[in-house]
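A short worksheet on the structure shown next.
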Amino acid sequence: MSSVKSTIRKAKNYYFNVWRGKEKMCPAFGEKVYITKLGWNHIAYHPRRTLVDKLIRLKNLPLAQKVLETATTYQTLEIRGDLYFYGFQAIQGNKMVKVVVTSKGEAGKKLLYSTMFKSMARQEQRNIERHNKRLINEFRKSHPRHKPRRKKR
């Protein structure tokens with residue numbers, strides 16, 4: 001069996017047999033966040049996601065579970081009509097984890113909707129590159145080069 005199929009099979013088993021049905025209380029809401037097929041379909045079958053992105057999300061489902069079970073507050077709230085989307089962000093190991101929970105109305109049943117992961121190593125590298133670029137630009141402004149000489153004809 002290919003590594004991709006194996007990863008998907010393991011993630012599906014974890015999602016539906018290990019996590020679903022055994023949800024714990026989410027401290028941020030004071031109620032359970034339910035694991036449903038809605039979340040699975042959004043994570044695993046969203047048409048605009050690349051295969052690599054789907055695999056990263058599926059491999060890291062346990063981190064998403066940990067965030068939901070420990071988060072005391074959500075960081076973002078987006079309202080689209082009567083749907084509420086709550087965003088939880090946390091750093092677990094060297095990864096930044098974002099988990100999205102949805103509900104119909106503020107008091108509706110909370111459902112896992114999506115997960116996202118970023119490697120902190122890659123994020124830190126980008127920050128370092130931006131910082132270095134800024135330093136180089138500042139140095140060039142304070143130390144202008146001599147104007148290039150024109151060639152004599």
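Numbers at a glance
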| item | result |
| --- | --- |
| Convex hull (Cα only) mean projected area of region 4-83, reported in nm² to one decimal | 6.1 nm² |
| Potential extension, T50-E78 segment - 0.36 nm per residue separation minus Cα distance | 7.6 nm |
| Distance from region 69-95 to region 8-38 (C-alpha centre basis), Å | 15 Å |
| Cα-projected label distance for R20 with R130, points at 7 Å along beta-carbon direction, nm | 3.8 nm |
| Equivalent ellipsoid dimensions for the chain as semi-axes, Å, which come from the Cα gyration tensor, largest first | 43, 21, 15 |
| Charge dipole (the chain, unit charges on Cβ, about Cα centre) - positive-most of V33, V52, Q75 | V52 |
| Taking the chain and dividing mean pair separation by its residue count, relative contact order in percent (alpha carbons under 8 Å, at least six apart) | 19 percent |
| Computed [θ] at 222 nm, helices only, for the chain once each DSSP H run of length n ≥ 4 contributes -39500 (n - 2.57) | -12500 deg cm²/dmol |
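A short reminder: the numbers here are calculations on the coordinates, not readings from a lab. Since the structure is predicted, the reported quantities are computational estimates derived from the model, not experimental observations. Reconstructed Cβ throughout: ideal geometry from the backbone, glycine too, with neighbour counts over all protein chains shown.
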